[in-house]
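Below you'll find the structure, written out as structure tokens, and then a few comments.
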Amino acid sequence: MKKILLLIMDGLGDRPNKSLGNKTALQAAEKPNLDYLALNGATGTMSPVSYGVRAGSDTSHLSILGYSPEKYYTGRGPFEALGLGIKLEPGDIAFRANFASVIDGKIVDRRAGRINGTDELSRSLETEIDGIKFIVRSGVEHRAAVVMRGNGLSDHIIDTDPHITGKSPLNTIATDHEGNFTAMLINKFLERSRKILNEHPFNKKRVEDGLLPGNEIMLRGAGKIPDLENFEEKYNLKAACISGTPLIRGIAGLAGFTILKVDGMTGRIDTDYKNIFKSALIALEKYDFVLINIKGTDIAGHDKKPELKKYVIEKVDQEIQPFIEKRDDVLIVVTGDHSTPCSYGDHTGDPVPVLFSTDGILYDKSSHFDELSVSEGYYKITSNDLMPLIMSYSDRAEKYGA
Ligand code: ZN
Ligand code: ZN
């Protein structure tokens, strides 16, 4: 049985870039180690979630780890909250939230003039009502997340965001009797929040400065925290996660991974690549399965910067070198969680390249790790197939039949 390194370069897949001579970032990158692994490995393309699906990092990581998003993806709310670093507990209800501006009882801007730095507004809203805790965290600009914690909560309620301006902000309503208690609490929370936000010095200062106040918090996408079967029990693999991205750490945490801290690691392009891979090498002594998520490739894709995407790939390539000689005991798997082509600036439904490399593997014809070369490889899979292949290549799969 072998140990497993699963390296996910976020948003790895790309399309041809004019500035790179019509090459994808992977094709243009100098990456001798990844190419060596492709040459000495089995490769192919992988469609995240399913063919043509423009997967988010959340649905795709769930699927990659063997948790069908159809069953476990409980809406944007819980995953937004995980992304903001809120530690969620079973039974919690989470919402996406945004600060909006209300003047004379009408919403004038759903984003409160793209308000920024709302941490103190969020903190001022945290409270406990009838034994239920309200946790509020700010995100980028007007975005935030709200989590309700306590007994007897339900997500059978409607959004309080009317999604257009010129209307009054809504209270919530239960969609059936199960949601009554939760709806009542939310409406109390909103009433209290409106008072606090209107009186808050941060908002008063904004109005003085001629800016729109963030005096309404609107809630949508209510969802329960999914109860993921423990990864360790599901696969009999002691698992650890190395990621600078709260969303990925949150998902791995829900699955029971040990979340490793790495000095200098960020969820940005400027992260300590050396330390990340060094930590993974050490972690493989103690854990059977180490997941690394590198976010820089996705950021470069969203920012439409092919040179930066190429740079991140080259950094990763340098640091993966020490794993090559560990292939006696370690199965190395490299892929992306979706494509974020620089020419498009967002996730697309294109497949991503995938490689499996370990000592003695039955290798295929592909000799480079990029979108085109791996099409000569063995596989055209969806992310649902990844864990079974990992189990098989690491000599851990159970025999099917006699
Ligand atoms: Zn992603
Ligand atoms: Zn992205």
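The values are calculated or read from the model by the stated rules, or taken from the named source; none is laboratory data. Please read all numbers here as calculations on a predicted model, not as lab measurements. Note that each Cβ is placed from the backbone with ideal geometry, even for glycine, and that neighbours are counted across all protein chains shown. Areas reflect the complete protein model, heavy atoms only, side chains present, ligands, DNA and RNA absent. Shrake-Rupley method; radii C 1.70, N 1.55, O 1.52, S 1.80 Å.
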Per-pair calculated FRET efficiency, R0 = 45 Å: T258 and E199 via Cβ, rounded to 0.05:
0.55
State the Cα centre-to-centre distance between region 69-84 and region 118-159 in whole Å.
15 Å
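What does DSSP give for region 238-370 in terms of the percent of beta bridges that are antiparallel, rounded to the nearest 5? Write out the running numbers ahead of the final one.
Values: 4 of 11 bridges.
Looking only at bridges with both residues in region 238-370, the antiparallel portion is about 35 percent.
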Considering only protein heavy atoms and a 1.4 Å probe, what is the carbon-and-sulfur percentage of the accessible area of region 282-346?
43 percent
Within region 299-402, trypsin sites (Lys or Arg not before Pro) in DSSP loop having at most 14 other beta-carbon neighbours inside 10 Å:
K365, K399
Just the accessible area per residue of the chain, please: how many Å² with a 1.4 Å probe?
43 Å²
Translational diffusion coefficient of the chain at 10 °C, 1.306 mPa s, Stokes-Einstein with Kirkwood Rh over Cα pairs, in µm²/s as a whole number.
71 µm²/s
So what is the relative contact order for the chain, in percent, with contacts set as C-alpha pairs under 8 Å and at least six apart?
33 percent
Please turn the phi angles of region 279-287 into ³J(HN,Hα) values with the Karplus equation 6.51 cos²θ - 1.76 cosθ + 1.60 (θ = phi - 60°), one per residue in order, whole Hz, x for glycine and proline.
5, 5, 4, 5, 4, 5, 6, 9, 10
Which shape class applies to region 79-159: rounded if a/c is under 1.5, otherwise prolate when a/b exceeds b/c and oblate if not, where a ≥ b ≥ c are the square roots of the Cα gyration tensor eigenvalues?
prolate
Pairs of alpha-carbon atoms within less than 8 angstrom and 6+ residues apart define the contacts here; what relative contact order does region 109-219 have, in percent?
25 percent
Counting only protein heavy atoms with a 1.4 Å probe and every protein chain in place, the carbon and sulfur fraction of the accessible surface of region 57-204 in whole percent equals 48 percent
In nm, give the distance between the simple-model label positions of E376 and E229, each being 7 Å from the Cα along the Cα-to-Cβ direction.
3.9 nm
For the chain, find the longest principal axis of its Cα atoms and tell me its angle to the long axis of helix 180-199, 0 to 90°, nearest 10.
70 degrees
Anisotropy class of region 28-126 from Cα gyration tensor, a/c 1.5 cut
prolate
Between E89 and N151, with labels modelled 7 Å along Cα→Cβ, what's the label distance in nm to one decimal, could you check?
1.3 nm
Whole-Hz ³J(HN,Hα) from phi, Karplus 6.51 cos²θ - 1.76 cosθ + 1.60, for region 57-68, glycine and proline x:
5, 6, 4, 5, 5, 4, 5, 4, 7, x, 10, 4
Length gained, K188-T165, 0.36 nm per residue minus C-alpha separation, equals 6.0 nm
